[in-house]
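Participant: Let me begin by handing over the structure; questions about it come next.
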Amino acid sequence: VQLQASGGGLVQAGGSLRLSCVASGISGSADAIAWYRQAPGKQREMVAAITAGDTTKYADSVRGRFIISTDNAQRSAHLQMHSLNPDDTAIYYCNVYYELKGYWGQGTQVTVSS
């Protein structure tokens with residue numbers, strides 16, 4: 001299983017970005033897909049997750065601003081981010097849980113300027 005994340009970049013506070021994660025090597029659908037982020041000097045944290053049954057979960061810090069979705073039979077996921085602020089600056093990683101294993105993508109940098 002390989003994951004390709006894209007969509008990061010530099011945005012001003014208040015702006016929006018959309019991250020995408022495409023999984024290859026999956027037969028069928030993923031059990032769950034999640035986005036994590038890691039800011040400099042901080043631990044990696046879960047931002048948003050979605051299961052094969054479309055149940056979603058969000059970190060308190062992003063609830064109401066970020067939306068996670070999937071398409072292509074749960075082989076790709078998107079993270080729509082609105083109202084970004086400098087605290088959202090981090091490397092964002094895609095994680096796919098498939099057949100009892102977790103897989104990580106390479107990460108995409110999101111930088112929010114004030």
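The values are calculated or read from the model by the stated rules, or taken from the named source; none is laboratory data. This structure is a prediction, so every number in the text was calculated from the model and none was measured. Cβ coordinates were reconstructed from backbone atoms using ideal geometry, including for glycine residues, and neighbour counts include every protein chain displayed. Remember, those area values only see protein heavy atoms, side chains included, never the ligands or the DNA or RNA. Shrake-Rupley method; radii C 1.70, N 1.55, O 1.52, S 1.80 Å.
Participant: Checking the condition open to solvent by 20 Å² or more (accessible area, probe 1.4 Å), at pLDDT 95 or above, closer than 20 Å to residue 85 by Cα and not β-branched (Val, Ile, Thr), which residue from 6, 16 passes?
Facilitator: Answer to the check: 16.
Participant: Looking only at the stretch 23-77, count how many residues are more than 11 Å from the chain's Cα centre (by Cα) and either open to solvent by less than 50 Å² (accessible area, probe 1.4 Å) or among the hydrophobic types (A, V, I, L, M, F, W, C) (or both).
Facilitator: Result for the stretch 23-77: 12.
Participant: Looking at (1) under 12 Å from the mean Cα position of the chain (by Cα); (2) touching a residue at least 24 places away in the same chain (Cβ under 8 Å), which is the one condition that is false for residue 14?
Facilitator: With respect to (1) under 12 Å from the mean Cα position of the chain (by Cα); (2) touching a residue at least 24 places away in the same chain (Cβ under 8 Å), residue 14 is out only on (1).
Participant: Restricting the first residue to the stretch 85-114 and requiring it to be over 17 Å from residue 49 (Cα atoms), which pairs with a second residue that is assigned to a loop (DSSP other than H, G, I, E, B) and of a type outside the set (Gly, Ala, Ser) meet a Cβ separation below 7 Å and a spacing of at least six or different chains?
Facilitator: Close Cβ pairs (under 7 Å, with a partner that is assigned to a loop (DSSP other than H, G, I, E, B) and of a type outside the set (Gly, Ala, Ser)) amount to 110/89; 111/89; 112/84; 112/85; 112/89.
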